[in-house]
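Taken together, the values in this text are just the output of simple stated rules run on the coordinates, not laboratory data. A quick note: this is a predicted structure, and the numbers were derived from the prediction, not measured. So basically every Cβ, Gly included, is an ideal-geometry build from the backbone, and we count neighbours across all protein chains shown.
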Amino acid sequence: MFKKKEEFDPTKIDTIVGKDSDFEGKLTAKGILRIDGKVSGEIISTGNVLIGESGSVEANIKAKNLTVSGTIVGDVEVEGLLDLLPSAKLIGDIKVASLEVGDGAIFKGNCEMNEEQSSSKKNNNKDSNKKTQSSN
């Protein structure tokens, strides 16, 4: 029933926006993305995104999983887990499969919870296998 929380290995981070960095525009990433600086615009990642405590994001974010210690102003769409740690502040609407909010975290917005993408893909594959077998 309960899933083991996915841990992020800091040695496997592919892209870092450093503490003294300022990025404006559309940021796309495939692996793990860590933001400790300032980002405004749009963030799209097929991997996991981490917003560090010093991270400040004014952007809409799409990611596999998102862990937040810093601040986000914008809408968030996450296939899996959105983890708001105690120092997190998120102002915007969210679409997630799973949500974890630490004591002290701030969230202002609407929340829509969906089934995880992976479980619906598995169910669709089972259904398509059944159809194929029954038509033979």
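Hey, rough spin-label estimate for SER40 and ASP22, points 7 angstrom out along Cα→Cβ, what's it come to in nanometres?
0.9 nm
Tell me which residues come under 5 Å, amide H to amide H, from ARG34 once H is placed; ignore anything under 5 positions away on its chain.
THR15, ILE16, VAL17, LEU50
I'd like to compare 28-34, 16-22, 48-54: which one has the highest average count of other Cβ atoms within 10 Å, and what's the full order after that?
48-54, 28-34, 16-22
Tell me, what ³J(HN,Hα) does each residue in the stretch 25-42 have, in order and in whole Hz, if you take phi through Karplus 6.51 cos²θ - 1.76 cosθ + 1.60 with θ = phi - 60° and put x for Gly and Pro?
x, 9, 10, 10, 8, 9, x, 7, 10, 10, 10, 10, x, 10, 10, 9, x, 8
Go through the stretch 72-81 residue by residue and turn each phi into a ³J(HN,Hα) via Karplus (6.51, -1.76, 1.60, θ = phi - 60°); whole Hz please, and just put x for glycine and proline.
10, 10, x, 7, 10, 10, 10, 5, x, 9
Could I have the simple spin-label model distance between ASP14 and VAL101, label points 7 Å from Cα toward Cβ, reported in nm to one decimal?
Label-label distance for ASP14 and VAL101, simple model: 3.1 nm.
Could you pull out every residue, at least 5 positions away or on a different chain, whose amide H is within less than 5 Å of the one on GLU77? Hs are placed 1.01 Å off N in the peptide plane, and Pro or chain starts have none.
HN-HN under 5 Å from GLU77: ILE61, LYS62, ALA63, LYS95.
Non-local amide H neighbours of GLU42 (under 5 Å, H modeled in plane, Pro and chain starts lacking H): which ones?
Amide H neighbours of GLU42: GLY25, LYS26, LEU27.
Sorting ILE43, ILE94, ILE72 on the 10 Å Cβ count, fewest up front, what's the list?
If I rank by nearby Cβ atoms, fewest first, I get ILE94, ILE43, ILE72.
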